[in-house]
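Everything below concerns the one structure shown next.
The values are calculated or read from the model by the stated rules, or taken from the named source; none is laboratory data. Bear in mind the structure is a predicted one, so any value in this text is a computation, not a measurement. Every residue, glycine among them, receives a Cβ derived from its backbone with ideal geometry; neighbour counts consider all protein chains shown.
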Amino acid sequence: WGQNARRIFWVRWFESDTDPRHAVTFLLDQAGQRAGEKDFRGYSIDWWELTPPNHFALAPNLQPATYRFPPAVETVAISLPAEPIKPGAAIPVVIRWQRTGETPMDRPLKARVAIYNANGSRKAQADARLLNDRHVMPVQWSPTDQPLNVYRLETETELKPGQYELRLLVYDEETLEPLTYVDAAGNPAGQEAVLGLISVK
């Protein structure tokens, strides 16, 4: 039914853990235009206007990619925009994660995806907790868990055209201490992994 919908409503109960990874709103933001929101006693409603036929795809450009942040997590695959974006448009990024094979790190973790200009200035970012399908942090993931997490970077309309470096950082949610990124040989390579370039036109 969603393919032909002109308006979709998303109802959330206060203090509910429904969609903690924000995958639903990520999909709707990609497919349509957020039209409004309203709070009621005990719940809230957001709605989107769409122009059918609608196409919903969480990670249309998912490609294998490994970036390791021991002893906690590593990426399995990444979906980046296939086309240049316009200033003011959002940059959708989807990452499939898994635990590393080491002793798990018993800490709540977040990931930050950000773009940087040629001068190294951060111009947009999205931060989100690392969670699996059961809404638990990496230390509780099974060895076969490979959850998708979404990141939507909101850019400013004044963003200058050009090439922007997209980087990934993993850090402790409570202390904000970043984990070390290691290269393919297992050597420390700083704190941020470069995922690719984002073109703005």
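Of note:
- Residue-level analysis places residue 15 among those that are more than 18 Å from the chain's Cα centre (by Cα), loosely packed, with under 11 Cβ neighbours inside 10 Å and not in a strand (DSSP E or B).
- Of all residues in segment 172-184, one or more are at pLDDT below 95 and of a type in the set (A, V, I, L, M, F, W, C).
- If the condition is being assigned to a loop (DSSP other than H, G, I, E, B), under 17 Å from residue 128 (Cα atoms) and not hydrophobic (A, V, I, L, M, F, W, C), then segment 68-115 contributes 107, 108.
- Answer from 113, 150 - the residue that is within 12 Å of residue 168 (Cα to Cα) and either more than 17 Å from the chain's Cα centre (by Cα) or not small (Gly, Ala, Ser) (or both): 113
- Residues within segment 78-126 that are polar (S, T, N, Q) and at positive phi, tallied: 0
- Residue check for residue 91: under 29 Å from residue 8 (Cα atoms), of a type in the set (Val, Ile, Thr) and surrounded by 20 or more Cβ atoms within 10 Å (Cβ to Cβ): yes
- For segment 137-149, the criterion of being farther than 23 Å from residue 183 by Cα and either in contact with a helix residue (DSSP H, G or I) (Cβ under 6 Å, 6 or more places away or on another chain) or of a type in the set (Lys, Arg) (or both) is met by none of the residues.
- Residue within segment 138-150 that is under 15 Å from residue 69 (Cβ atoms), surrounded by fewer than 17 Cβ atoms within 10 Å (Cβ to Cβ), touching a Lys or Arg at 6+ places or on another chain (Cβ under 8 Å) and of a type outside the set (A, V, I, L, M) present: no
- Filtered residues of segment 18-60 (kept if more than 18 Å from the chain's Cα centre (by Cα) and under 20 Å from residue 148 (Cα atoms)): 55
Yes/no matrix, rows are residues, columns are (1) assigned by TED's automatic domain parsing to the domain that holds residue 17; (2) of a type in the set (Gly, Ala, Ser); (3) out of contact with any His (no Cβ under 9 Å at 6 or more places or on another chain):
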residue: 42; (1), (2), (3): yes, yes, yes
residue: 45; (1), (2), (3): yes, no, yes
residue: 57; (1), (2), (3): no, yes, yes
residue: 70; (1), (2), (3): no, no, yes
residue: 77; (1), (2), (3): no, yes, yes
residue: 93; (1), (2), (3): no, no, yes
residue: 115; (1), (2), (3): no, no, yes
residue: 128; (1), (2), (3): no, yes, no
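- Test: residue in segment 68-84 that is over 16 Å from the mean Cα position of the chain (by Cα), closer than 27 Å to residue 18 by Cβ and crowded, with 17+ Cβ neighbours inside 10 Å: yes
- Applying a threshold of 8 Å to beta carbon distances and a minimum spacing of six or more residues, or different chains, the list of pairs starting in segment 161-177 at a residue that is free of Cβ contacts under 8 Å to residues at least 60 places away in the same chain and exposed (fewer than 14 other Cβ atoms within 10 Å of the Cβ) and ending at one that is among the hydroxyl-bearing types (Ser, Thr, Tyr) and part of a loop (DSSP other than H, G, I, E, B) is empty.
- Matching residues in segment 26-46 - criterion: being outside any loop (DSSP other than H, G, I, E, B), crowded, with 17+ Cβ neighbours inside 10 Å and free of Cβ contacts under 8 Å to residues at least 60 places away in the same chain: 27, 28, 31, 46
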